[in-house]
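Each reported figure results from applying straightforward, stated rules to the coordinates on display, with no laboratory input. Source: prediction; values computed, not measured. Positions of Cβ are backbone-derived with ideal geometry, glycine not excepted, and every protein chain shown enters the neighbour counts.
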Amino acid sequence: MTVAWGVLRGGGVCARVGDTVVDLRGLDPLFDAPSLNALMAAGPEAWGQARERVEEGEEVAEAELGMPFEVADYVDFYSSLHHATNLGRMFRPDAEPLLPNWRHLPVGYHGRAGTVVPSGTPVRRPLGQRPGPEFGPSARLDIELEAGFVIGTPSTMGEPVPVERALEHVFGMLLVNDWSARDIQAWEYQPLGPFLGKSFATSVSHWVVPLDELADRRVPGEPQDPAPLPYLAEEPWAYDIALTVELNGAVIASSNARYLYWSIAQQIAHLTVNGASLRTGDLLATGTISGPEREERGSLIELSWNGEEPIELPDGSTRTFLEDGDEVVLSGEPLGEVRGRIEPARNELH
């Protein structure tokens, strides 16, 4: 069965084997730590040894889970061809959907590590400047269905990580919801990119699944055209992991991680080619994962086509963007789920 790593609320490493959670505290000093970071930094040999000890753990009937790792840096990419094309068509209807650089490099930006939170943490509607300009709560609050990869072993500053060795640094994979305030983002992002529209909250799942556990889900990817520059060159591949988006209990989208155009290996090779280093606990997210069909779009801005086509829910209500009280659950086995409920914005500034 697939093994995933997590952390009990209050500290101590645990593992999920199928539907069973086991407490590993007391078996090894690495398991007594407050996060997975010590285990992640120990390297692949230690990861394999830890995997072998999972069966020694004590089953937990009802486990309360916390943040699985301490985030060092957070980078969000833009690696789904269908998502990037949809947004291009939406905002540049009379031009080519993709900007000239998109098929040549994994586009990304540096996010805010301090507001990455575990699944179940409430998300407060952010305040900010919106087009006008005017100030107030975001009226176009959105989700982003993403996968994330957590760095285990660091790299050396000034030494690029070759694409063929990139996966040696990755501890595992998890689910990510990079909440987005589309109106705040629209006003602020030119010319330097996302800032307050993204930095208020990013939710991650409680479980991190090692790449070794996902080996049988690795599948060939679509050909990359044009061929990437040599430092990004590899046979295209992706993970075949079905993903769903639920809003207030109703499935509103189904996608798959195999729709990603750029791989995590290419993301790492690009991130480090200028000499930037990897650190234990770095979170590298894929960006929204969307497929070619309407029901495979991984964000509300795509599903509602920027608010022009409301999403119908089973209770008769409709949504274009999130309302206060809405709960979103992203899921995909064996990664688990990441959930969050929207709380109202603060009434005033302090």
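General remarks:
- One residue from D19, D76 being without any contact (Cβ under 8 Å) to a residue 60 or more places away in the chain and of a type outside the set (S, T, Y): D19
- Residues within segment 140-189 that are farther than 26 Å from V245 by Cβ and among the acidic types (D, E), tallied: 3
- Which listed residue is over 21 Å from the mean Cα position of the chain (by Cα) and free of Cβ contacts under 8 Å to residues at least 12 places away in the same chain, from A33, A46, A42, A61: A61
- One residue alone among E337, E309, E343, E302 is within 14 Å of A253 (Cβ to Cβ) and in contact (Cβ under 8 Å) with a residue 40 or more places away in the chain, and that residue is E302.
- Set side by side, the residues L313, L322 differ, and just one is closer than 19 Å to D183 by Cα and among the aliphatic types (A, V, I, L, M), which is L322.
- Flag for P68 being within 19 Å of the chain's Cα centre (by Cα), in a loop (DSSP other than H, G, I, E, B) and not β-branched (V, I, T): yes
- Residues of segment 101-112 include none that is exposed (fewer than 13 other Cβ atoms within 10 Å of the Cβ) and within 26 Å of E343 (Cβ to Cβ).
- Counting only strands (runs of 3 or more DSSP E) wholly contained in segment 1-62, no element carries 3 or more residues that are out of contact with any strand residue (DSSP E or B) (no Cβ under 9 Å at 6 or more places or on another chain).
- Residues that are over 30 Å from W5 (Cα atoms), under 23 Å from the mean Cα position of the chain (by Cα), of a type in the set (D, E, K, R) and in a loop (DSSP other than H, G, I, E, B) within segment 301-350 comprise E323, D324, listed in sequence order.
- Within segment 266-285, considering residues that are hydrophobic (A, V, I, L, M, F, W, C) and buried (at least 22 other Cβ atoms within 10 Å of the Cβ), the one nearest to E327 (Cα to Cα): A285
- Residue within segment 86-94 that is in a loop (DSSP other than H, G, I, E, B) and in contact (Cβ under 8 Å) with a residue 24 or more places away in the chain present: no
- Wholly enclosed strands (runs of 3 or more DSSP E) of segment 147-254 bearing at least 2 residues more than 24 Å from E323 (Cβ to Cβ): 170-177, 218-220, 237-239
Table: residues versus (1) more than 16 Å from V204 (Cβ to Cβ); (2) polar (S, T, N, Q).
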site	(1), (2)
P292	yes, no
N306	yes, yes
P310	yes, no
G325	yes, no
P334	no, no
A345	yes, no
